[in-house]
Amino acid sequence: HTVIGYLTGISFANYIGLTTQNPGVIELVSNCESSKGREVTLGNLKLRIKKPVTQITEQNAKILQLLDGISQAHQYSELSEQETIECINHYVRSQRFTQAQLDSVSSYINPSTAKKLIEWRTIYEFTS
């Protein structure tokens with residue numbers, strides 16, 4: 001199968017345990033989208049589709065999703081800051097993200113996400 005996108009926003013925050021909320025609008029990042037964001041309705045589902053910072057591949061989809069999750073954590077987390085950090089770091093360990101994966105998308109990491117990676121010590125959770 002070919003990976004062309006990933007869940008982001010509150011859906012991803014829910015998936016990794018930052019919140020128990022369910023989204024009214026499911027946010028997706030997709031190679032098939034060229035705008036900053038548009039809403040689409042499929043039956044009862046409302047989707048907000050956004051373009052990616054770079055081409056999404058099977059190799060980078062999960063790490064790009066993680067970086068989005070880190071950048072959006074303050075918006076969606078129902079946890080304390082320390083619990084949010086622990087949740088993110090646990091997810092990084094459970095997915096066995098590698099330093100090479102992080103390096104492959106490092107030019108797309110915005111400054112505030114880079115700061116969180118360092119301050120939250122998440123950067124040390126990536127395997128060699």
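The values are calculated or read from the model by the stated rules, or taken from the named source; none is laboratory data. This one's a predicted model, so the numbers in the text were calculated from it and none came from an experiment. Backbone-built Cβ (ideal geometry, glycine too); neighbour counts: all protein chains shown. These accessible areas exclude ligands, DNA and RNA; they are computed on the full protein's heavy atoms, side chains included. Shrake-Rupley method; radii C 1.70, N 1.55, O 1.52, S 1.80 Å.
Results for (1) among the hydrophobic types (A, V, I, L, M, F, W, C); (2) touching a Ser or Thr at 6+ places or on another chain (Cβ under 8 Å); (3) at pLDDT below 95; (4) surrounded by fewer than 17 Cβ atoms within 10 Å (Cβ to Cβ), shown as yes or no for each residue.
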position: ARG48; (1), (2), (3), (4): no, no, no, no
position: THR54; (1), (2), (3), (4): no, no, no, yes
position: LYS62; (1), (2), (3), (4): no, no, no, yes
position: TYR76; (1), (2), (3), (4): no, yes, no, no
position: GLU81; (1), (2), (3), (4): no, no, no, yes
position: PHE97; (1), (2), (3), (4): yes, yes, no, no
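For region 8-41, which residues satisfy the criterion of being more than 30 Å from GLN82 (Cα to Cα) and among the β-branched types (Val, Ile, Thr)? Correct list: VAL40, THR41. Would you confirm whether any residue within region 29-41 is touching a Leu at 6+ places or on another chain (Cβ under 6 Å) and within 25 Å of HIS1 (Cα to Cα)? Yes, because at least one residue in region 29-41 is touching a Leu at 6+ places or on another chain (Cβ under 6 Å) and within 25 Å of HIS1 (Cα to Cα).
Filtering SER30, SER11, SER71, SER35 for residues that are free of Cβ contacts under 8 Å to residues at least 40 places away in the same chain, closer than 17 Å to TYR108 by Cα and either of a type in the set (A, V, I, L, M, F, W, C) or open to solvent by less than 50 Å² (accessible area, probe 1.4 Å) (or both) leaves a single hit, SER30.
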